[in-house]
Every structure is written in structure tokens, then in C-alpha cells.
Protein chains: 2
Amino acid sequence: MIEAAPLDRMFTALADASRRGMVERLSLGPATVKQLAGPTNMGLPSALKHLKVLEDGGIVVSRKVGRTRTFSMQPDAFREMDEWVRARKATMNMAFDRLAEAMKAFPEEDGTS
Amino acid sequence: MIEAAPLDRMFTALADASRRGMVERLSLGPATVKQLAGPTNMGLPSALKHLKVLEDGGIVVSRKVGRTRTFSMQPDAFREMDEWVRARKATMNMAFDRLAEAMKAFPEEDGTS
């Protein structure tokens with residue numbers, strides 16, 4: 001069982017279009033706060049706030065060299081989320097299969113009324 | 001480009017442990033509000049509120065027969081989310097490959113200091 005809190009933070013991090021835009025940019029390669037704020041009309045403090053949410057969610061990491069903080073994707077950024085979703089889908093598929101199996105026990109309907 | 005709003009709602013829906021618990025239960029098959037509220041210490045109004053968030057997020061659907069509302073998984077519940085994540089991963093992998101290619105141009109370091 002995966003702990004709840006990290007998944008809460010991960011899903012929350014991605015529940016905002018501005019933050020998803022930053023992730024789209026960072027998927028291409030590392031970028032500074034200035035570069036990430038640039039294409040939007042976002043101020044630096046606001047951009048940094050969004051980036052902190054992404055970092056808390058385990059989606060991005062940052063490194064400060066001198067006065068410049070550079071952000072990049074966490075290499076296994078989506079792992080926990082993927083695992084959780086994959087487990088749900090597997091369960092759903094098994095449930096659908098069981099249902100299909102159970103339906104075989106009923107006489108076929110021909111769809112006419 | 002996928003519209004922002006549905007993805008916002010989808011990620012928000014999954015950013016809560018109680019709601020993820022409901023999704024875990026519904027992956028096994030349809031359930032009523034009472035059945036979904038049962039195992040938690042949640043009241044029915046609170047459970048219904050969470051279920052509405054999941055329904056707005058496109059994760060579950062509901063159907064009311066008489067006085068009983070039954071919830072079930074939306075068959076392609078995670079599709080938009082999966083597509084968005086898959087696109088990011090593809091971009092990340094291409095960026096890593098480009099980086100690995102670029103590294104070849106540099107003389108090897110042997111790791112000793």
C-alpha cells in the first residue's frame with residue numbers, strides 16, 4: 001500500500017494548468033525560474049511558488065548554483081501515480097472480465113423490442 | 001492539446017486519500033453511497049460530496065434508480081491523465097537520449113579524484 005500523503009501532493013501538484021505548463025517545459029530539459037516564468041505572464045515569486053508545489057509533489061527537483069536556481073524533472077516523476085492508476089485499471093479489467101463471464105449464463109437478447 | 005479544465009478536475013479528484021479509497025472500492029464493481037461510506041467513518045452527505053468531485057473529474061459515473069444512487073467507474077476513467085503523463089514521459093526520454101548523445105562528444109571521466 002502506497003502512503004496517502006505523497007500521492008495527495010503529487011496529484012495536487014498536477015491539478016493546475018500553470019504547473020502542468022511548467023512540467024511540459026521541464027520535460028524538454030532543465031530551466032531556471034526566470035525561463036519558466038517567462039512565457040507566462042507570471043511574476044517570479046508566483047512562478048517559484050508553483051515550482052515549490054511541484055517539488056513537494058516529487059515531480060521536479062531543483063539545484064541552486066550561486067544565485068541561480070535551476071529546476072529539472074525528477075527522473076521517475078510519475079512513478080507512484082502510475083503504479084496507483086495501473087493497479088486500479090488491473091482491478092477494473094478483472095471486474096469487467098468477471099461480468100462478461102457472468103453474462104454468458106443469461107440468454108442472449110437480440111436488441112429488438 | 002488537451003483542455004486544461006477537465007485535467008484540473010481529474011487530478012483534483014484523485015488528490016484526496018478518501019476519494020482514492022472510493023476509487024479503489026469502485027474498481028472492484030459498482031456500489032451505493034451507503035456501501036461507499038460504510039467502511040470509513042464518513043457520513044452520507046460527506047461521502048456524496050466526495051463522489052460528486054469524482055464524478056466532476058470524469059472518474060466515476062452514477063445512476064439513480066428509485067431512491068438509490070449507484071456509482072461505478074467511468075470505463076475510460078484515467079484516459080486524459082494517462083495521455084498527458086505519457087506525452088511528458090516521451091519528451092523526457094527524448095531529452096535524456098539527446099543528453100546521452102551529447103555526452104559522447106566529451107572525453108570520458110573515470111570517476112577518480
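The values are calculated or read from the model by the stated rules, or taken from the named source; none is laboratory data. Treat the numbers as computed from the prediction; the structure is a model and nothing was measured. Every residue, glycine as well, gets a Cβ built from its backbone with ideal geometry; the counts of neighbours run over all protein chains shown. Side chains included, ligands, DNA and RNA excluded: accessible areas come from the protein's heavy atoms. Shrake-Rupley method; radii C 1.70, N 1.55, O 1.52, S 1.80 Å.
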Viscosity 1.306 mPa s, 10 °C: Kirkwood-radius Stokes-Einstein D of region B:1-103 over Cα pairs, µm²/s: 104
Among A:Met94, A:Met103, A:Met81, residue whose mean-square fluctuation peaks in a GNM of chain A (springs only between Cα atoms under 10 Å): A:Met103
Label distances, nm, A:Ser46 versus same residue in remaining copies, Cβ-directed 7 Å point: 3.6
Amide proton proximity set for B:Gln74, modelled H, under 5 Å, gap of 5+: B:Val60, B:Val61
Accessible surface of the protein assembly as shown, 1.4 Å probe, proportion on carbon and sulfur as whole %: 55
Sequence of B:Ser72, B:Ser27 when ordered by accessible area, the most exposed leading, probe 1.4 angstrom: B:Ser72, B:Ser27
Accessible-area order (highest first, 1.4 angstrom probe) of the listed residues B:Phe71, A:Phe106, B:Phe96: A:Phe106, B:Phe96, B:Phe71
Solvent-accessible area lost in complex, 20 Å² minimum, residues of region B:2-47 relative to chain alone, 1.4 Å: B:Ala4, B:Asp8, B:Phe11, B:Leu14, B:Ala15, B:Ala17, B:Arg20, B:Glu24, B:Ser27, B:Leu28
Anisotropy class of the protein assembly as shown from Cα gyration tensor, a/c 1.5 cut: prolate
Contact surface A-B: accessible area buried, both sides summed, square angstrom, 1.4 angstrom probe: 2700
Scattering profile of region B:9-67 at q = 0.15, 0.17, 0.23, 0.28 Å⁻¹ [log10 I(q)/I(0), Debye over alpha-carbon scatterers]: -0.38, -0.49, -0.92, -1.35
Residue order for B:Met42, A:Met73 - accessible surface, 1.4 angstrom probe, largest first: B:Met42, A:Met73
Under-5 Å amide H pairs with A:Arg69, H placed in peptide plane, nonlocal only: A:Val33
Chain A - mean residue ellipticity at 222 nm from DSSP helices (-39,500 (n - 2.57) per run, n ≥ 4, rounded to 500): -18000 deg cm²/dmol
Label-point separation in nm, B:Asp82 to A:Lys64, each point 7 Å along Cα→Cβ: 4.1
Peptide A:76-86 - average C-beta neighbours from other chains (10 Å radius): 3
Residue-normalised accessible area of the protein assembly as shown, given per residue in Å² at a 1.4 Å probe: 63
